[in-house]
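The values are calculated or read from the model by the stated rules, or taken from the named source; none is laboratory data. Note that the structure is predicted; figures quoted are calculated from it, not measured. Cβ coordinates were reconstructed from backbone atoms using ideal geometry, including for glycine residues, and neighbour counts include every protein chain displayed.
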Amino acid sequence: MNRFKHLLSPLDLGFTSLKNRVLMGSMHTGLEDEKDYGKLSEYFAERARGEVGLMVTGGFSPNRSGWLAPFSCKLSSAKETSKHKLVTEAVHRHDGKIALQILHAGRYSYHPLSVAPSRLKSPINPFTPWTMPRFFIKQTIKDYVKCARLAQDSGYDGIEIMGSEGYLINQFIAPRTNRRKDEWGGSFDNRIRFPLEIVNQIREAVGVSFIIIFRLSMIDLVEGGSLWEEVVSLARKLEQAGVTIINTGIGWHEARVPTIASVVPHGAFTFISKRIKDKINVPVITTNRINTPEEAEAILAEKNADMISMARPFLSDPHFVKKARLGKDDLINICIGCNQACLDHVFKNKRASCLVNPRACFETEMTLSKVKKAKKIAVIGAGPAGLSFAVTAKERGHHVEIFEKSEEIGGQFNLAKTIPGKEDFDLSLKYFLNQLNHLGVQIHLKTKISKDTVPQGFDEYIIATGVLPRKMKIPGSNHDKVVSYIDCINNTNKIGKTVALIGGGAIAFDVAEKLLMESHNDKENFYEEWGIDTTYNNRGGLKPVPKKIKPKRKLFILKRSKGKFGKNLGKTTGWIHRFSLKKMSVTMIDNVNYHSIDDNGLNYTKDDKQQLLNVDNIIVCAGQTPLDELSQIFKEQNHPYKIIGGAYEARELDAKSAIKQGTSLALKI
């Protein structure tokens, strides 16, 4: 009997049925903006082969004013349907279902033609929107309807109307952004007129046998957001208007509360889906930080939702559902919520992918084909680069063996998984270990390779030995107060109450959070820390004053360069880390010159003034250097070799590059 009977059970929608309770949520990947949809169709086809119950595309605008950015994807003309048919036909060939998301960005549109209910600039957009005249509101509703009909003509099984995350429809609903005095603003009934007109007219245009999902903002997490009673009232009216399914939207993009980053506990917002499910009759989808089939099954079994939306987990593993059905859930490549290759790429106008699965969105370019002639390959080092190479090379048919000097696989991932908010890195290590065992890759642990112990008889050697912490080169750098970031993370209990961190990058931020915070797995602590009102007594579900947290230590972070700390942190997560450390009263000092370390602490100069930080410990977080002791040995012994990961180029905790490099080489070798 399958352990995931609720997750894998069909969902009857009356006029059609979904084969399981899994929705692949909408993600903008960048493939939607390309002229040809060959790559996009294969992207969705791969997930249809993975047996997802229903997929939703990235957001397509119904008109030019709703563009996310100039010339981004839209569906407003019949001539655009031909390329969409490539997508729907590819999905249907594999017995999948797919809906097109209709998204008007409103004041989030990143161009000077943006429009909104009121002329109020978003704090995350430099462009001030134009106020929509009455006639333009009515025309925009017609554009939504036309887009839905074109989606139906293109072969989509339905649409999702994006009514959350602070986009145009949400802007009409919330008093925060709707200051109108006419029939489209003011009272609650006037503010919800826009979404209800859209749904009513679309249902009339597409008929009864077409899926309409409405993504409803159930908790805005901004001041001036909706009240809970308003959310319930709108949900009921949407049901009456003909919505098939209601999806859960959490937080606006401008909200200063993390909603999908790794610091968010798994299933942290399921409580709100449960509350709405008890108020309406149509199926309810829950979402955000649900990464494993076990979590999804428990949510459904406890009747907290009727369906589970997972977006990024289908970047990390397109066969998530199929593996769960076959009882191979231990081989699911779990999303770790890092955002580094997906959302961070999208915000830089780059194609999305996945840190733990670089083939995501590159299915037509990074093809996994069997080799014509197998090689015997030795991988030296079992960090992210070596592991990704070994798994991919073995899948292609090579004979692969791993040689690792420590007593466990993982390399720097073993440090990362101990950082609060990065606990999911351990899931990646379990995946790699399970895959290696499943594929039959021999792993030699506690095996250090030297000149005299190079394993013989291999056709190729892959050096993936990783990095070493960069050492300080100032007087006193060997003082007892000085600790490397590795020793600090592994022995936090030995670190004093006042600490200076040298280096203002990602390593320093990780170390600071390790020294100051507990695990982020506790939901109640998360709600308290970020001021989330789970009782929903306040507009937007946001407490007026978040709980103050007393830090465990007093920290100083210093760096030589001038300017922003953590500037290389991801756009979608960096603000969270900076905000967290600010709440913990961490002092950040830039543009310094280090002089010496002695019994009193760290001596440095700032603005031509000699300073002393009297601290218990100085943690060196000043980057890394490649650990490559073998290339010269292999060269002397005439062994063919290649270098990947940190051993090739040391970057700050750059697992994304390491895994991609390992995968790419394995696809070519």
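Summary table below
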read-out	value
Filter result for D452 (farther than 30 Å from A174 by Cα and without any contact (Cβ under 8 Å) to a residue 60 or more places away in the chain)	yes
Scan of region 53-62 for residues that are outside any loop (DSSP other than H, G, I, E, B) and closer than 28 Å to N357 by Cα, ordered by number	L54, M55, V56, T57, G58, G59, F60
Among the candidates V52, V22, V56, residue that is under 24 Å from K146 (Cβ atoms), β-branched (V, I, T) and buried (at least 20 other Cβ atoms within 10 Å of the Cβ)	V56
Matching residues in region 171-210 - criterion: being among the aliphatic types (A, V, I, L, M), in a loop (DSSP other than H, G, I, E, B) and surrounded by 15 or more Cβ atoms within 10 Å (Cβ to Cβ)	A174, I192
Residue within region 359-375 that is in contact with a helix residue (DSSP H, G or I) (Cβ under 7 Å, 6 or more places away or on another chain), among the aromatic types (F, W, Y) and under 28 Å from A311 (Cβ atoms) present	no
Matching residues, region 119-147, being assigned to a loop (DSSP other than H, G, I, E, B) and surrounded by fewer than 19 Cβ atoms within 10 Å (Cβ to Cβ)	R119, L120, K121, P123, I124, N125, P126, F127, T128, P133
Search result, residues across region 226-252 that are touching a Pro at 6+ places or on another chain (Cβ under 8 Å) and either within 17 Å of P175 (Cα to Cα) or surrounded by fewer than 21 Cβ atoms within 10 Å (Cβ to Cβ) (or both)	L234
Residue count, region 325-356 (criterion: over 16 Å from G96 (Cβ atoms) and not in a loop (DSSP other than H, G, I, E, B))	7
Matching residues in region 569-606 - criterion: being in contact with a Phe, Trp or Tyr (Cβ under 9 Å, 6 or more places away or on another chain), among the polar types (S, T, N, Q) and free of Cβ contacts under 8 Å to residues at least 24 places away in the same chain	N603, T605
Per-region count, region 530-580, residues over 12 Å from G504 (Cα atoms) and part of a loop (DSSP other than H, G, I, E, B)	22
Members of region 592-605 that are over 15 Å from M472 (Cα atoms) and modelled with pLDDT of 95 or more	D599, T605
Residues being under 14 Å from A666 (Cβ atoms) and touching a strand residue (DSSP E or B) at 6+ places or on another chain (Cβ under 9 Å) - total across region 382-400	11
Region 19-52, residues that are assigned to a loop (DSSP other than H, G, I, E, B) and either of a type in the set (D, E, K, R) or more than 17 Å from T292 (Cβ to Cβ) (or both)	K19, R21, S26, M27, H28, T29, G30, E34, K35, D36, Y37, E51
Yes/no for G540 being surrounded by 19 or more Cβ atoms within 10 Å (Cβ to Cβ), at pLDDT below 95 and in contact with a Lys or Arg (Cβ under 9 Å, 6 or more places away or on another chain)	no
Qualifying residues in region 212-225 (those that are in a strand (DSSP E or B) and under 22 Å from the mean Cα position of the chain (by Cα)) - the one surrounded by the fewest Cβ atoms within 10 Å (Cβ to Cβ)	L216
Spans of helices (runs of 4 or more DSSP H) in region 425-523 with at least 3 residues farther than 20 Å from T392 by Cα	485-490, 506-516
Count of region 268-301 residues which are without any contact (Cβ under 8 Å) to a residue 60 or more places away in the chain and part of a loop (DSSP other than H, G, I, E, B)	9
Every residue from region 63-87 that is in a loop (DSSP other than H, G, I, E, B) and either modelled with pLDDT under 95 or touching a Ser or Thr at 6+ places or on another chain (Cβ under 9 Å) (or both)	N63, W67, L68, A69, P70, F71, S72, C73, L75, S76
Residue list for region 271-295, restricted to those being crowded, with 24+ Cβ neighbours inside 10 Å and of a type in the set (S, T, Y)	S273, T286, T287
Test result for S369, over 17 Å from the mean Cα position of the chain (by Cα), outside any helix (DSSP H, G or I) and of a type in the set (S, T, N, Q)	yes
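Residue-wise test of (1) crowded, with 19+ Cβ neighbours inside 10 Å; (2) modelled with pLDDT under 95; (3) of a type in the set (K, R); (4) under 30 Å from T259 (Cα atoms).
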site: E404; (1), (2), (3), (4): yes, no, no, no
site: E423; (1), (2), (3), (4): yes, yes, no, yes
site: F432; (1), (2), (3), (4): yes, no, no, yes
site: G440; (1), (2), (3), (4): no, no, no, no
site: I462; (1), (2), (3), (4): yes, no, no, no
site: K473; (1), (2), (3), (4): no, yes, yes, no
